[in-house]
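Below you'll find the structure, written out as structure tokens, and then a few comments.
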Amino acid sequence: MSESLRNDGRVWVPKKKEDCGKKPGEIAEEDRDYYLERKYPSFGNLSPRDIASRAAKEVCDEGRGVGPGGRGVYLDFADAINRLGESAIRERYGNLFEMYARITNENPYKVPMRIYPAVHYTMGGLWVDYNLMSTIPGLHVIGEANFSDHGANRLGASALMQGLADGYFVLPYTVGNYLASAKLAKVTADHPEFKAAVDKVQAMTDKLLSIKGTRTVDSIHRELGNIMWEKCGMARNEKGLKEALELIPKLRDEFWNNVNVPGSGAELNQSLEKAGRVADFLDFAELMVTDALHREESCGGHFREEHQEEGEAKRDDEKFAYAAAWEYAGEGKAPILNKEPLVFDNVHLSTRSYK
Amino acid sequence: MSAGGLNLTLHVWRQSGPNKAGKIVDYPATNISPEMSFLEMLDTVNEGLITSGQEPIAFDHDCREGICGSCGVMINGAAHGPMKQTTACQLHMRTFNNGDEIWIEPWRAQAFPVIKDLVVDRGAFDRIIQAGGFISAPTGSPQDANSLPISKLDADEAMDAAACIGCGACVAACPNASASLFTAAKITHLGHLPQGQPERYRRALKMVTQMDLESFGGCTLFGECQEACPKGISIDTIVQMNRDYIVAAANEREEKAEMGAG
């Protein structure tokens with residue numbers, strides 16, 4: 001669900017494991033642990049998403065999660081409804097409550113929502129210069145697709161900020177300037193680079209369609225997702241990341257030797273589209289794990305279990321005050337690390353505290 | 001929580017490509033969790049089809065949160081299925097009973113040719129938007145946030161119309177396959193905001209003209225569109241569209257007369 005709901009909802013789990021099976025209404029006020037309010041009294045339920053996500057994981061790891069599978073915490077609107085009335089809450093979040101009711105068949109005006117953090121947005125993206133142009137001349141990258149703005153605590157709907165800032169304030173000048181100043185010679189489909197690109201895509205398509213193994217594209221996608229979720233998720237450690245670096249190449253081999261992409265390349269083929277994407281995900285997952293292993297600190301959404309202080313992220317500004325821009329070095333080659341130093345002239349690095 | 005799985009019979013429209021003959025093919029959907037969405041049910045059936053060496057059923061989908069407008073199929077003759085104001089991705093299998101037969105077909109409209117199975121080409125909607133579904137605004141010069149006050153009524157009406165996700169259910173539900181609700185929603189959305197005023201009448205003229213150029217039918221106020229709309233867009237928007245269109249047509253005639261063309 002959208003994080004904006006935390007503006008008025010209170011997050012809690014039962015204090016005792018034994019209460020997890022009970023209906024929320026049967027759990028007395030004093031038996032509830034409003035853990036965000038307890039741990040972060042000054043920010044409470046509005047603590048940023050990396051903190052709130054890890055805190056939810058922590059209480060579920062302790063066995064105090066609710067709902068089937070035990071991966072859930074309550075987001076309770078009872079107090080807000082008492083305070084503001086149901087109609088005010090409906091006005092603010094009616095569409096989200098409706099969506100929730102459809103998914104769960106429960107009425108969130110009466111019963112607390114059950115939520116759990118899920119992968120939704122990945123910090124980082126394609127490297128761009130100050131004009132939002134990538135390393136490919138003329139290819140500008142905007143919004144969430146580039147690496148430039150958002151860090152760990154990108155909050156609900158703030159992707160709009162990057163879309164608007166890039167689209168309103170930067171691109172109208174930089175794209176126009178590029179188009180006006182670049183020499184754009186006429187190219188045709190006879191250009192050797194064009195032919196090379198077509199041949200490459202054709203070869204990949206033919207290869208994917210010819211394997212006809214026993215695994216579906218979705219099953220490999222799911223397995224990869226599970227590796228990333230378990231080993232490179234809300235909390236990571238060296239052991240898990242190294243395991244992922246063993247598992248991902250094995251899965252990639254499995255994909256390229258045993259995937260089953262039905263149909264042909266002559267008509268719309270959604271399995272083929274998906275296969276092309278999963279092929280990219282396999283490479284990209286490995287890069288994300290490589291980066292997470294390289295970064296020996298905890299910084300925002302990247303929480304390395306080895307680097308913490310009283311349960312909170314511990315940065316190492318001496319060694320890691322840079323954005324890592326990984327350069328593709330070709331198939332089967334290790335990516336090259338380019339360090340983009342983070343220099344702060346006026347506002348200096350400090351450690352945030354939400355306590 | 002977890003009730004037993006559902007066993008269903010699907011009757012699905014299969015068509016290998018545009019201009020190919022299509023037909024209904026029957027598939028069992030077994031042990032379907034009632035917690036699944038309709039699309040997850042189709043995913044499950046597709047996994048089975050691929051594993052048994054058959055081609056999966058092609059269907060459009062993207063966000064699966066009910067906000068992108070990609071999904072949409074006729075389910076038992078109703079656009080997006082039996083639940084009101086619900087996209088197919090937000091329709092859950094608990095809506096069905098064990099043993100049910102479900103008929104799944106693509107949107108049927110001349111302006112939405114079938115690409116494959118349940119996937120149709122909704123490019124006609126894009127061309128209607130290109131004709132006028134935009135505002136021209138200077139960029140790069142931020143205004144003060146409160147320099148353009150908008151009344152709550154206007155904001156609400158614009159927002160209600162802006163809820164249109166362009167799925168095409170209105171066209172599929174209309175006996176005339178008219179795109180009036182879609183076009184009217186866009187015209188109403190922009191026409192109620194100050195930013196939309198400079199082009200308001202030209203917009204109505206251009207978008208309606210483009211709508212007529214595509215192979216959509218005319219509106220005869222059946223009202224099926226608003227019943228099928230997953231976002232609850234009202235046919236009141238069509239009144240707004242017609243009004244703006246008439247004003248635009250009259251203005252155009254006057255302009256021509258002044259220029260000596262009339």
Assign unit charges at the C-beta atoms only (+1 for Lys and Arg, -1 for Asp and Glu), then state the dipole size of chain A relative to its Cα centre in Debye, rounded to the nearest 20. 560 debye
If amide H atoms are built 1.01 Å from N in the plane of the peptide, which residues on other chains or at least 5 residues away come under 5 Å of the amide H of A:ARG114? A:LEU75
Beyond 25 Å (Cα-Cα) in this structure, taken from A:LYS57/A:LYS231; A:LYS110/B:LYS152; A:LYS239/A:LYS333; A:LYS15/A:LYS110, we find A:LYS110/B:LYS152
Please list the radius of gyration and Dmax for the protein assembly as shown, considering alpha-carbon atoms only, with Å as the unit. 26.9, 86
By accessible area of protein heavy atoms, probe 1.4 Å, what ranking do B:ASP43, A:ASP206 get, highest first? A:ASP206, B:ASP43
Rounded to the nearest 20 debye, what is the charge dipole size of the protein assembly as shown about its Cα centre when +1 sits on each Lys and Arg Cβ and -1 on each Asp and Glu Cβ? 400 debye
Sites B:ILE246 and A:ASN107, calculated FRET efficiency, Cβ-Cβ separation with R0 35 Å, nearest 0.05: 0.20
What does the highest-first list of B:119-131, A:241-253 look like by mean Cβ count within 10 Å? B:119-131, A:241-253
Out of B:ALA250, B:ALA169, B:ALA179, any idea which swings most in a Gaussian network model of chain B, alpha carbons joined below 10 Å? B:ALA250
What ranking, highest mean first, results for peptides B:234-243, B:5-14, A:346-355 when packing means the other Cβ atoms within 10 Å averaged over each residue? B:234-243, B:5-14, A:346-355
Under a straight-distance cross-link criterion of Cα-Cα below 20 Å, which aspartates and glutamates are reachable from A:LYS207, leaving out those fewer than 8 residues away in the same chain? A:ASP199, A:ASP218, A:ASP253, A:GLU254, A:GLU267, A:GLU273, A:ASP280, A:ASP283, A:GLU331, B:GLU55
Region B:192-209 and region B:16-62: distance between their alpha carbon centers, rounded to Å: 41 Å
Quantify how strongly other chains surround peptide A:263-270 by giving the mean number of their Cβ atoms within 10 Å of each of its Cβ atoms. 5
Note: B:50-58 gets an average of partner chain Cβ contacts (10 Å, Cβ to Cβ) equal to 5
So which residue, out of A:GLY263, A:GLY240, A:GLY300, gets the largest mean-square fluctuation from a GNM of chain A using Cα contacts under 10 Å as springs? A:GLY263
Chain A, Gaussian network, Cα under 10 Å: of A:ALA165, A:ALA55, A:ALA197, the residue fluctuating most is A:ALA197
State the Cα centre-to-centre distance between region A:107-138 and region A:194-220 in whole Å. 29 Å
Quick check: the angle from helix B:38-51's long axis to the longest principal axis of chain B, C-alpha only, nearest 10 degrees? 50 degrees
Inter-chain shielding of A:271-277 (mean C-beta neighbours from other protein chains, 10 Å cut-off): 1
Per residue Cα convex hull volume for region B:6-115, in cubic angstrom? 104 Å³
For the protein assembly as shown, what proportion of DSSP beta bridges, expressed in % and rounded to the nearest 5, is antiparallel? 80 percent
Relative to the first principal axis of the alpha-carbon coordinates of chain A, what is the inclination of helix A:270-294, with its axis defined by its Cα atoms, in degrees from 0 to 90 and to the nearest 10? 70 degrees
Most positive-pole-ward Cα, B:PRO34, B:VAL239, B:CYS167, against dipole of chain B from beta carbon charges: B:VAL239
Amide H to amide H, which residues 5 or more places from A:ASN338 or on other chains are under 5 Å from it, using H placed in the peptide plane? A:ALA325, A:TRP326, A:GLU327
By how many degrees, between 0 and 90 and to the nearest 10, does the Cα long axis of helix B:200-213 differ from the longest principal axis of chain B? 50 degrees
Can you grab the distance from the C-alpha centre of region A:1-53 to the C-alpha centre of region A:259-285, Å, no decimals? 41 Å
By DSSP, what percent of the beta bridges with both residues in region B:6-115 are antiparallel, rounded to the nearest 5? 75 percent
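The values are calculated or read from the model by the stated rules, or taken from the named source; none is laboratory data. Owing to the predicted nature of the structure, the values given are computational and were not obtained by experimental measurement. With ideal geometry, Cβ positions are generated from the backbone for all residues, glycine too; neighbour counts draw on all protein chains shown. Only protein heavy atoms, including side chains, enter the accessible area calculation; ligands, DNA and RNA are left aside. Shrake-Rupley method; radii C 1.70, N 1.55, O 1.52, S 1.80 Å.
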